[in-house]
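The values are calculated or read from the model by the stated rules, or taken from the named source; none is laboratory data. Bear in mind that the values here come from a model prediction, so they are computed numbers and not experimental data. Here the Cβ positions follow ideal geometry from the backbone for every residue, glycine too, while neighbour counts run over all protein chains shown. Heads up: the accessible areas ignore ligands, DNA and RNA and are worked out on the full protein's heavy atoms, side chains in. Shrake-Rupley method; radii C 1.70, N 1.55, O 1.52, S 1.80 Å.
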Amino acid sequence: MANLDLPTVRMFLIEVAKEAGLIITRAGQSQVASTNKKNGTDIVTETDQEVEAHIAWRLKDRYPTFGFLGEESYKSGTKVLDKPTFIVDPIDGTSNFVHHFPAVCVSLGLVVSKRPAVGVVYNPFDDELWAAVQGGGAYMQKGGGQVQKLPLYMTPLESLQSACIGIEWGSDRDGPNFELNLKVFTTLVRSTRTGGRFVNSLRGTGSAAIAICRTAAGQQDMFWECGCWVWDVAAAWCILSEAGGIMVDGHPGNWEPPIDNRRYLAVRPATTGQKEVVEEFWSTMGDQRSLYGPP
Ligand code: IPD
Ligand code: CA
């Protein structure tokens, strides 16, 4: 890590993310065909593959000794190693992309010793960029305007009840993963009179990376998902930590989950209350658990 110039990596990743963004917005001007991966809720388009090929070429050309792990070229069981490794999602929010819903991003992370070191997330439709370097703070820029330090808002986290929480349904629509989602979502929204937590609101925007960046900015209080992948979170995790947020296990108990945990609970920067809302959130699960975990 000592010889690694992380700010230079960040600048380069921003350049590459914007190139990728051009490919995505051009393709998004017409109808986008998709094919199923696991099922009809887990899809891929030719643009995902084209964008990843472009990013892989650019990153491997500039940093040939670094590892590369991208969603579209991922081989099942591959583990993240200690050496500096780019973790790439060419399009996070593919379902949004196909539906022309503009919450779509390129997610480019660098992890070193399996910890987030650089993160760049770019939504080309809204021209919204989030970026961070370990130890250097997190920033966002919209429409080429002023660069703003994250978090944009910083208040105490009062309780789960006042929280706006990002969630995703994921691609399992039966079995233990689906049952856990049902239990957690209904417990969160149900009135306290009938045993729930009566939270302010749940939001599902279809891109884990963007949802975690919004959490880093203080625009939503938390984000929870079991089942998403390391490429959905690696870049945004760096942005969240550098803004002062925390990432813990999506299941109760582990305050320092591995990068490829596949179960994540992100909590926004706050003057007080982070630990308390995590424990309150974990308590909604009772004894139920998902089947997801690190490879
Ligand atoms: C998906 C999105 C979605 C999350 C899924 C991810 P993709 O990524 O981040 O919000 O719920 O778990 O796989 O398929 O659009 O790259
Ligand atoms: Ca993707």
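Quick one: in segment 33-50, which of the residues that are open to solvent by 60 Å² or more (accessible area, probe 1.4 Å) and in contact with a strand residue (DSSP E or B) (Cβ under 7 Å, 6 or more places away or on another chain) is nearest to ligand 2 (Cβ to nearest atom)?
37
Of these, 203, 214, which one is within 16 Å of ligand 1 (Cβ to nearest atom), free of Cβ contacts under 8 Å to residues at least 60 places away in the same chain and more than 27 Å from residue 110 (Cβ to Cβ)? Outline the logic, then answer.
On the way: 214 fails: more than 27 Å from residue 110 (Cβ to Cβ).
Result: 203 is the single residue among 203, 214 that is within 16 Å of ligand 1 (Cβ to nearest atom), free of Cβ contacts under 8 Å to residues at least 60 places away in the same chain and more than 27 Å from residue 110 (Cβ to Cβ).
Test of understanding: among 138, 117, 209, which residue is under 23 Å from residue 282 (Cα atoms), surrounded by 20 or more Cβ atoms within 10 Å (Cβ to Cβ), in contact (Cβ under 8 Å) with a residue 12 or more places away in the chain and not polar (S, T, N, Q)? Lay out the reasoning, then the answer.
Numbers: 138 fails: under 23 Å from residue 282 (Cα atoms); 117 fails: under 23 Å from residue 282 (Cα atoms).
When all the criteria are applied, what remains is 209.
Please specify each residue of segment 67-94 satisfying the condition of being of a type in the set (Phe, Trp, Tyr) and either buried (at least 22 other Cβ atoms within 10 Å of the Cβ) or not assigned by TED's automatic domain parsing to the domain that holds residue 104 (or both).
Filtering segment 67-94 down to residues of a type in the set (Phe, Trp, Tyr) leaves 68, 74, 86.
Listed by number, the list holds a single entry, 86.
On the basis of being without any contact (Cβ under 8 Å) to a residue 40 or more places away in the chain and closer than 12 Å to residue 290 by Cβ, does residue 249 make the cut? Give the steps one after another, and end with the answer.
Numbers: without any contact (Cβ under 8 Å) to a residue 40 or more places away in the chain: yes; closer than 12 Å to residue 290 by Cβ: yes.
Answer is yes for this residue.
So, in segment 244-285, exactly how many residues are over 19 Å from the mean Cα position of the chain (by Cα) and open to solvent by 40 Å² or more (accessible area, probe 1.4 Å)?
9
Examine segment 68-86 for a residue that is of a type in the set (Asp, Glu) and away from ligand 2 (no atom under 16 Å from the Cβ), and state whether such a residue exists. Let's see the steps before the verdict.
Taking segment 68-86 first, the residues of a type in the set (Asp, Glu) are 71-72, 82.
The next check asks that each one be away from ligand 2 (no atom under 16 Å from the Cβ); those that pass are 82.
The answer is yes; a qualifying residue exists.
If we keep just the residues of segment 51-66 that are outside any helix (DSSP H, G or I) and of a type outside the set (Val, Ile, Thr), which is most open to solvent (accessible area, probe 1.4 Å)? Reasoning before the result, please.
We begin by selecting, within segment 51-66, every residue outside any helix (DSSP H, G or I); these are 63-66.
With the extra rule that they be of a type outside the set (Val, Ile, Thr), the set shrinks to 63-64, 66.
Working: 63: 37, 64: 100, 66: 37 Å².
Taking the candidates together, the pick is 64.
With within 16 Å of ligand 2 (Cβ to nearest atom) and not assigned by TED's automatic domain parsing to the domain that holds residue 235 as the only criterion, which of 104, 118, 133 stands out?
Values: 118 fails: within 16 Å of ligand 2 (Cβ to nearest atom); 133 fails: within 16 Å of ligand 2 (Cβ to nearest atom).
The conditions single out 104.
If you check residue 110 against the conditions, is it closer than 20 Å to residue 23 by Cα, open to solvent by less than 60 Å² (accessible area, probe 1.4 Å) and away from ligand 1 (no atom under 16 Å from the Cβ)?
Numbers: closer than 20 Å to residue 23 by Cα: no; open to solvent by less than 60 Å² (accessible area, probe 1.4 Å): yes; away from ligand 1 (no atom under 16 Å from the Cβ): yes.
For residue 110, the condition - closer than 20 Å to residue 23 by Cα, open to solvent by less than 60 Å² (accessible area, probe 1.4 Å) and away from ligand 1 (no atom under 16 Å from the Cβ) - is not met.
A quick yes/no check of all residues on (1) in a helix (DSSP H, G or I); (2) closer than 24 Å to residue 110 by Cα; (3) at pLDDT below 95:
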site	(1), (2), (3)
151	no, yes, no
157	no, no, no
183	yes, no, no
188	yes, no, no
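If I ask for residues that are β-branched (Val, Ile, Thr) and outside any loop (DSSP other than H, G, I, E, B), which ones from segment 236-273 would you list?
Within segment 236-273, the subset β-branched (Val, Ile, Thr) is 239, 246, 248, 259, 267, 271-272.
Of everything in segment 236-273, those that are β-branched (Val, Ile, Thr) and outside any loop (DSSP other than H, G, I, E, B) turn out to be 239, 246, 248, 267.
If you check 47, 41, which single one turns out to be assigned to a loop (DSSP other than H, G, I, E, B), of a type in the set (Val, Ile, Thr) and either at positive phi or within 12 Å of ligand 1 (Cβ to nearest atom) (or both)?
Working: 47 fails: assigned to a loop (DSSP other than H, G, I, E, B).
Exactly one of 47, 41 is assigned to a loop (DSSP other than H, G, I, E, B), of a type in the set (Val, Ile, Thr) and either at positive phi or within 12 Å of ligand 1 (Cβ to nearest atom) (or both), namely 41.
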